[in-house]
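Down below is the structure, laid out as C-alpha cells.
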Amino acid sequence: TTATPASDKTYVIATDTTFAPFEFQDADGNFVGIDVDILAAIAEDQGFKYELKSLGFDAAVQAVESGQADGVIAGMSITDERKQTFDFADAYYESGTSFAVLDSSDIESLEDLEGKSVAVKTGTQGAALADELADEYGFTVNTFDDSPNMYQDVVSGNSAAAVEDTPVMGYAISQGLELRIIGDKLSPALYGFAVLKGQNPELVEMFNAGLENIKADGTYDEILTKYGANEG
Ligand code: GLN
C-alpha cells in the first residue's frame, strides 16, 4: 500500500499550558512535567516522532476534536462522556478534584460558599463538577482559560474558591500558593492519553506498549519521583 508507515509520521500532540507537575515551564523556561516526560519516554521506547503543542486544556481537547492535533496528554481525566468522542490509552495516573480557598479565609466547607463565586477552568472535570454543585450550595461559577488565572482570582479575593485537580492544587500549594484544600477529594479520576475516536489507533497501541515498558524498566517511577508525585 502507499500508506505512510506510522514511524515516518510526526504526530502533533496537544497539551495544557500550566498544569504543574504535569506540564509547566521550569525556572529555565524549559517545558517540563510528568506528561512531557512520559510522552518523551514512550516515544523513544516506541520509536515515533511527535511535536508537542502547549495550547491550554480546552484548546488541546478541541485541537484533537478538529483534527489539528493527533493526540492530547494534559492530565486529561478518562470519563464516560469523553469516551464518546475520544479513544483513551491505558490510564497513567490516579487523580481527583478538590475545592481550594484562600488559606487565610474562614471557609471550611462547600456550605460556606453560599452566595460566593467559584473559579473554574474551561472544559475541565472541575468545571463540570462546579456546575453540578452550584445550585445545591448556592455559589456562582467564574470561568478561566488556565490554572494560574483561576488561582489568581481566589488570591485577589474575587472568587472564594477554585476547583482544581487535587495533585495539581497540592503541588501549587507546596510551591507557595496560599490556598488551602477544603473537604474531600471529589470525582476520583484516572488520567489518560487520548486520540479522536477511531483515529490514530496505532498511536494508542504504541502509548500502551510504551507505558508498559517504561513501568517495567523503572522510567515511569523515576519520572514521578522527579516531580515528587509518586502514587500510593
Ligand atoms: N483532569 C481535568 C480534566 O480532565 C483537568 C485537566 C487540566 O486542567 N489540564 O478535566
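Surrounded by fewer than 15 Cβ atoms within 10 Å (Cβ to Cβ), in contact with a Leu (Cβ under 8 Å, 6 or more places away or on another chain), among the acidic types (Asp, Glu) and not assigned by TED's automatic domain parsing to the domain that holds Asp16: does that describe Glu178?
Numbers: surrounded by fewer than 15 Cβ atoms within 10 Å (Cβ to Cβ): yes; in contact with a Leu (Cβ under 8 Å, 6 or more places away or on another chain): yes; among the acidic types (Asp, Glu): yes; not assigned by TED's automatic domain parsing to the domain that holds Asp16: yes.
It is true that Glu178 is surrounded by fewer than 15 Cβ atoms within 10 Å (Cβ to Cβ), in contact with a Leu (Cβ under 8 Å, 6 or more places away or on another chain), among the acidic types (Asp, Glu) and not assigned by TED's automatic domain parsing to the domain that holds Asp16.
Suppose the filter is charged (D, E, K, R) and farther than 24 Å from Tyr50 by Cβ; does Lys185 pass it?
Spelling it out, Lys185 is indeed charged (D, E, K, R) and farther than 24 Å from Tyr50 by Cβ.
Just name the residue that is nearest to the ligand (Cβ to nearest atom) out of those in the range 93-125 that are of a type in the set (D, E, K, R) and part of a strand (DSSP E or B).
My answer is Lys121.
Sort out for me the strands (runs of 3 or more DSSP E) sitting completely within the range 142-232 that have 2 or more residues that are over 18 Å from the mean Cα position of the chain (by Cα) and more than 16 Å from the ligand (Cβ to nearest atom).
Working: elements: 161-165, 179-191, 194-196.
Correct list: 179-191.
Residues being more than 14 Å from the ligand (Cβ to nearest atom) and either assigned to a helix (DSSP H, G or I) or crowded, with 20+ Cβ neighbours inside 10 Å (or both): count how many of those fall in the range 78-92. Talk me through it step by step, then tell me what you get.
Just the residues of the range 78-92 that are more than 14 Å from the ligand (Cβ to nearest atom), to begin with: 84, 87, 89-90.
In the following step, the residues that additionally are either assigned to a helix (DSSP H, G or I) or crowded, with 20+ Cβ neighbours inside 10 Å (or both) were identified as 89.
Qualifying residue count, the range 78-92: 1.
Of the residues Gly33, Gly75, Gly47, which single one is surrounded by fewer than 17 Cβ atoms within 10 Å (Cβ to Cβ) and on the phi > 0 side of the Ramachandran plot?
Numbers: Gly33 fails: surrounded by fewer than 17 Cβ atoms within 10 Å (Cβ to Cβ); Gly75 fails: surrounded by fewer than 17 Cβ atoms within 10 Å (Cβ to Cβ).
After applying the criteria, what remains is Gly47.
It is to be established whether one or more residues within the range 211-218 are outside the structural domain of Glu108 (by TED's automatic domain parsing) and within 21 Å of Thr15 (Cα to Cα). Explain how you work it out, then say what you get.
Keep residues of the range 211-218 that are outside the structural domain of Glu108 (by TED's automatic domain parsing), which gives 211-218.
When the remaining residues are screened for being within 21 Å of Thr15 (Cα to Cα), the result is 211, 214.
Looking for residues that are outside the structural domain of Glu108 (by TED's automatic domain parsing) and within 21 Å of Thr15 (Cα to Cα), one finds at least one in the range 211-218, hence yes.
With the requirement that a residue be more than 10 Å from the ligand (Cβ to nearest atom) and either within 18 Å of Ala20 (Cα to Cα) or in contact with a Ser or Thr (Cβ under 7 Å, 6 or more places away or on another chain) (or both), what does the range 53-77 give you? Please lay out each step first, then the result.
Of the range 53-77, the ones more than 10 Å from the ligand (Cβ to nearest atom) are 53-55, 59, 62-71.
Selection gives Lys53, Ser54, Leu55, Ala59, Glu65.
What's the number of the condition Asp131 fails, among (1) within 13 Å of the ligand (Cβ to nearest atom); (2) in contact (Cβ under 8 Å) with a residue 24 or more places away in the chain; (3) not hydrophobic (A, V, I, L, M, F, W, C)?
In the conditions (1) within 13 Å of the ligand (Cβ to nearest atom); (2) in contact (Cβ under 8 Å) with a residue 24 or more places away in the chain; (3) not hydrophobic (A, V, I, L, M, F, W, C), Asp131 misses (2) alone.
Has the range 26-38 got at least one residue that is part of a loop (DSSP other than H, G, I, E, B) and within 16 Å of the ligand (Cβ to nearest atom)?
Within the range 26-38, one or more residues are part of a loop (DSSP other than H, G, I, E, B) and within 16 Å of the ligand (Cβ to nearest atom).
Please tell me if Leu129 is at pLDDT 95 or above, more than 17 Å from the chain's Cα centre (by Cα) and not aromatic (Phe, Trp, Tyr).
It is false that Leu129 is at pLDDT 95 or above, more than 17 Å from the chain's Cα centre (by Cα) and not aromatic (Phe, Trp, Tyr).
The values are calculated or read from the model by the stated rules, or taken from the named source; none is laboratory data. Everything quoted here is computed from the prediction, not taken from an experiment. Note that we place each Cβ from the backbone using ideal geometry, even for glycine, and neighbour counts take in every protein chain shown.
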